[in-house]
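So the structure is just underneath, and the comments pick up after that.
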Amino acid sequence: MEQRTPQVEVQPVNKAKVKNFIKVMLYLAVITLIEFGIAFTVPHEHKWVRIIVFIVLTIVKAYYIVAEFMHLGHEKKSLKMSIVLPMLFVVFFIFIMIYQGGAILEALY
Amino acid sequence: MANTAVIVEEDKKNIWSGGVSPMKASYGKLMMWFFLLSDAFTFSALLITYGLIRFSHPAYAGSVADFKFSQEYWPIPEKVFEAFPGMHALGIESAPLVFVGLMTFILIISSVTMVLAVEAGERMDRKAVEKWMLWTILGGLTFLGCQAWEWAHFIHGADISMNLEGIFQGAGLSYNQYGPPNFAALFFFITGFHGFHVFSGVLINFIIFYQATVGVFEKRGHYEMVEKVGLYWHFVDLVWVFVFTFFYLV
């Protein structure tokens, strides 16, 4: 069997890319800390304010993970759309199921 | 005549008629994306089920300071998940959500080390791929250890004086001390399904780490497999972001 060492040329670290990843990590960490702050400062009486703010911050975090870490933000538009558009079904599903939950509560109590 | 016809056809050639990658992504990467999309539907269904069942139970109406566990209403999550390993030895009474916060940071950091492994793979830097993959595996194992502790604590149960009825201690699939039976059932299903994803992610990461060390990707000429498992690993982090919000914060 022929034994051959492949000639591999190692390129230097792409500093701009690494810097971007560190930046995204800091964003994620800071948003998580903000979520903590809200969990303990905004009282539970403002239930819907809390829920909406948490959902918005979660979507911001999800955007950074998907667009930067998973690189979807830099893919072709057709690939982006193939992944993002089907998630609209989930949005629809959330609304009907939360409504249904309220209806069950009313029927039971 | 025949020749011209062929040329015209060549000009009109659709990007979907073969020979090129219309989405500028390899078959394997594309299929990983579609698998993750289907997995996202599964997790969405689980979390929406949580929302449905939670909204079909009465919410706790009194003040948060007087909160007690009861079978009558859904518990406030921060009152359930308030333990940290060794906190009683340090004289701390409760540390609400601190432990899950720590788990969140562990996953975010392991996501960064994963993305650095992908970056190293693009540069054909085997040493760096090995280093960052190993850190990612370590982060995944740490997260799994945290989750094992969290589950053990949840199952054994907390201070029974927090209970209004005082009949149950701990949690199982059919009863739990914190609230309605479905609360613990959903906890086990959702965090369990996510934890199983982390577990399989660690295994897959290890296989790729091993293949990198023995030089499989160097022979192949590219490190695209690192990128594909990277997608899976980031997805696990992404799901945790949602679980953290909908199970622990809201």
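Filtering the stretch B:57-99 to residues that are touching a helix residue (DSSP H, G or I) at 6+ places or on another chain (Cβ under 6 Å) and facing chain A (nearest Cβ under 10 Å) leaves B:PHE67, B:PRO77, B:PRO96, B:LEU97.
In the stretch B:4-31, the residues that are on the phi > 0 side of the Ramachandran plot reach residues that are in a loop (DSSP other than H, G, I, E, B) and at pLDDT 85 or above with C-beta atoms within less than 8 angstrom, at least six apart or across chains, in these pairs: B:LYS24/A:GLU75; B:LYS24/A:LYS76. Each residue in the stretch A:43-88 was checked for being farther than 17 Å from B:PHE246 by Cβ and either in a loop (DSSP other than H, G, I, E, B) or in contact (Cβ under 8 Å) with a residue 60 or more places away in the chain (or both), and 7 pass. Restricting attention to the stretch B:20-35 and to residues that are aliphatic (A, V, I, L, M) and part of a helix (DSSP H, G or I), the residue that is nearest to the chain's Cα centre (by Cα) turns out to be B:MET32. Residues of the stretch B:200-250 that are small (Gly, Ala, Ser) and more than 26 Å from A:VAL10 (Cβ to Cβ): B:SER200, B:GLY201. Within the stretch B:34-43, does at least one residue satisfy the condition of being more than 8 Å from every other protein chain (Cβ to nearest Cβ) and under 24 Å from A:GLU106 (Cα atoms)? No: zero hits.
So that you can scan it fast, the table gives a plain yes or no per residue for (1) over 22 Å from A:MET70 (Cα atoms); (2) surrounded by fewer than 21 Cβ atoms within 10 Å (Cβ to Cβ); (3) without any contact (Cβ under 8 Å) to a residue 60 or more places away in the chain:
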| position | (1), (2), (3) |
| --- | --- |
| B:PHE187 | yes, no, no |
| B:PHE193 | no, yes, no |
| B:PHE196 | no, yes, yes |
| B:GLY201 | no, no, no |
| B:ASN205 | no, no, no |
| B:ALA212 | no, no, no |
| B:VAL216 | yes, yes, yes |
| B:PHE235 | no, no, no |
| B:VAL241 | no, no, no |
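Scanning the stretch B:195-250 for residues that are of a type in the set (Gly, Ala, Ser) and not in a helix (DSSP H, G or I) yields B:GLY215, B:GLY221. On inspection, A:PHE40 qualifies as surrounded by fewer than 16 Cβ atoms within 10 Å (Cβ to Cβ), within 9 Å of another protein chain (Cβ to nearest Cβ), at pLDDT below 95 and part of a helix (DSSP H, G or I).
The values are calculated or read from the model by the stated rules, or taken from the named source; none is laboratory data. Just so it is clear, the structure is predicted and the values come from calculations on it, not from any experiment. Positions of Cβ are generated from backbone atoms using ideal geometry, with glycine treated the same way; all protein chains shown enter the neighbour counts.
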